[in-house]
Amino acid sequence: MFKSGASLAALPARAVTTLVVGQLLIGTAAGLVLPVAALLAVELSGSNAYAGWPVMALSLAGAAAAHPLAVLALTRGRRVALAGGLVVSAVGAHAMLLATIWGSFAVLLMGAALFGVGLAVLLQTRFAATDLAAPATRGRDLSFVVWAITPGAVAGPNLIGRTAGIGSSLGLPELAGPLLFSAVGLMGAALVLFVGLRPDPLFVARLLDDAAAASPPRPGAVVVKRPSFAAGLAAIRTSPRAGVAVATVVMAHLVMVAVMSVPPVHLQGVAGTGGAGQGHGATLTIIGITLSLHFAGMYAFSPAIGWLADRAGRVPVLAGAIGTLATAMVIAAVWEGNVAAVSVGLLLLGLGWSGALIAGSALLAESVAGDRRVTAQGIIDTLMGLAAAVGAAGSGLALETFGFPALNLAALALVAGVAVWAVRGLRGGLGVRLAG
C-alpha cells in the first residue's frame, strides 16, 4: 500500500490536496445549479411558493444517500463512494437540463434529487480529510477541504450569465447552459477523486488503528463489520459532545438553506440598493453578486475557522457560530428591503454556517471512535439533508405567505432554541439523560 515511513507521512497532505481539487470542481457545479434551480422552479411552476422545492428534492436525496455512502466508504473506500456519488449527480444535472427543454417541473425535481447525491459527496469529503489527520491539525485539514469550495461557489453564481450564452449558442434555453457546465465539472471531480485517493485514506487509517492496537490486519483491509444506523445513533446519544456537535451543525444547515433558498426570488422584487422594488427587481448580476458573498462567507474563511477551532477549541467556535447566525437573522429581517443589508446578512449567515460545520464536524470526529465514527458521520449528513429539505420546502411557502422578515425571525427562534439545548447538554444534564 505504501513503501516507507516517508511515503506514509506524505499521505495526509496528498489526500487533502486531492480533496481540495475535487471540491473546487464540485463547488463550481453547486454554485451554478442552486440559484438556477430556484429560478427554474418559479418559471416552470408559475409560483414563488415552489422556489425552494428543487433544494428540498436535492436535500432529501442527499439525506437518503449519506448513510449508504458512508457504508460504501467502509466497504469499498472513500474514493469509490465519493466518485460514484458524483457520477450520479452529473446524471441529475443532465436531467435538469432536459427539464429546461421540455418545460417539465417534475423532471426538474427528479434531476434535482439525483444532483443532491453530489451534495452529499461534497459534505462527506470533509470527513475524508480527517481520516489521516493528527488531532492537533484535524480542524485545519478539514477546513482546507471546506475552503476549497470557495472559488467555485463564489464564481458559480457569477458564471450564470456567461454559461447561459453557451446554452443559447447550442440552441438550448439560456438556463440549460449552466446545467451543462456543471455536469462536466462533476464528472471531472469524480475522475480526480477516483484516481487521486490512492491508497484510500480510510483503509490506511484503519490499518494504522489496527497496528496501534496490536491487532492483526483485516483481510485485504476491506472486509469490515458494518456498523448499523442504530449503532451510529447510539454512539452520538451516549456522547454529550457528539450530541451537541450534531444538533448545532444540523440547526445551522437548516436555517442556512431555508434563508438562502429564496433570495433570488426575493431580490427580484427589490430595486437597486434602496428598498422595495417599484416595477423592476434586482438583475441577475446583482443576485449573483449577493449569492457570491453568501458563498464566500460559507467557505472563504474556513482556514481561519479551522485554525481557531484547533487553538481555542471546538466549543467556543460553535458558540461564536451561533451568535453569528443570530446576527444574520436580525439584519436580514430588519432591513429586508435593502439589497446591501440582505447581502451582509447572507454573508454572516454563511460565516456562521462555516463555523458550525467545521467546529462541529471536528468535534464529532474526535467524540466517536472506530468504524462507528464513519457511520456517525453519515448520520449527521443524513440529518443535515433532512433539515435542509424541511427548510427548503418551507422557505418558498413562508416567503409567499408571510414574507422574508418572518422567515428570518422563525430561523432566529430555532437558533436560540438550539443554543439553550447546547448549553444544557455541555453542562451534563442532557448528556446524562441521553446516556441513560
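Under 21 Å from the mean Cα position of the chain (by Cα), buried (at least 19 other Cβ atoms within 10 Å of the Cβ), aliphatic (A, V, I, L, M) and not in a helix (DSSP H, G or I) - does that describe any residue in segment 169-183?
Initially, segment 169-183 is screened for residues under 21 Å from the mean Cα position of the chain (by Cα), giving 178-179, 181-183.
Applying the additional criterion that residues be buried (at least 19 other Cβ atoms within 10 Å of the Cβ) yields 178-179, 181-183.
Narrowing further to those that are aliphatic (A, V, I, L, M): 179, 183.
Retained after the next criterion (residues that are not in a helix (DSSP H, G or I)): none.
No - not one qualifying residue is present in segment 169-183.
Could we say that PRO157 is under 27 Å from ILE289 (Cβ atoms) and of a type outside the set (Val, Ile, Thr) here?
Details: under 27 Å from ILE289 (Cβ atoms): yes; of a type outside the set (Val, Ile, Thr): yes.
Yes: the conditions hold for PRO157.
Which of the following residues is under 30 Å from PRO199 (Cβ atoms) and of a type in the set (A, V, I, L, M, F, W, C): LEU98, LEU72? Don't jump to the end; show me each part of the working.
Details: LEU98 fails: under 30 Å from PRO199 (Cβ atoms).
Exactly one residue qualifies, and that residue is LEU72.
Confirm whether ILE101 is outside any loop (DSSP other than H, G, I, E, B), hydrophobic (A, V, I, L, M, F, W, C) and touching a residue at least 60 places away in the same chain (Cβ under 8 Å). Let's see the steps before the verdict.
Working: outside any loop (DSSP other than H, G, I, E, B): yes; hydrophobic (A, V, I, L, M, F, W, C): yes; touching a residue at least 60 places away in the same chain (Cβ under 8 Å): yes.
Considered against the rule, which asks whether it is outside any loop (DSSP other than H, G, I, E, B), hydrophobic (A, V, I, L, M, F, W, C) and touching a residue at least 60 places away in the same chain (Cβ under 8 Å), ILE101 comes out as yes.
Provide a single number: the residues in segment 24-69 that are crowded, with 24+ Cβ neighbours inside 10 Å, among the β-branched types (Val, Ile, Thr) and more than 21 Å from THR125 (Cα to Cα).
Residues flagged as crowded, with 24+ Cβ neighbours inside 10 Å, among the β-branched types (Val, Ile, Thr) and more than 21 Å from THR125 (Cα to Cα) within segment 24-69 amount to 1.
Here, each number is a calculation from the coordinates, and none is a lab measurement. Being a predicted model, the structure only gives us computed values, none of them experimental. Glycine gets a Cβ as well: all are built from the backbone with ideal geometry, and neighbour counts include every protein chain shown.
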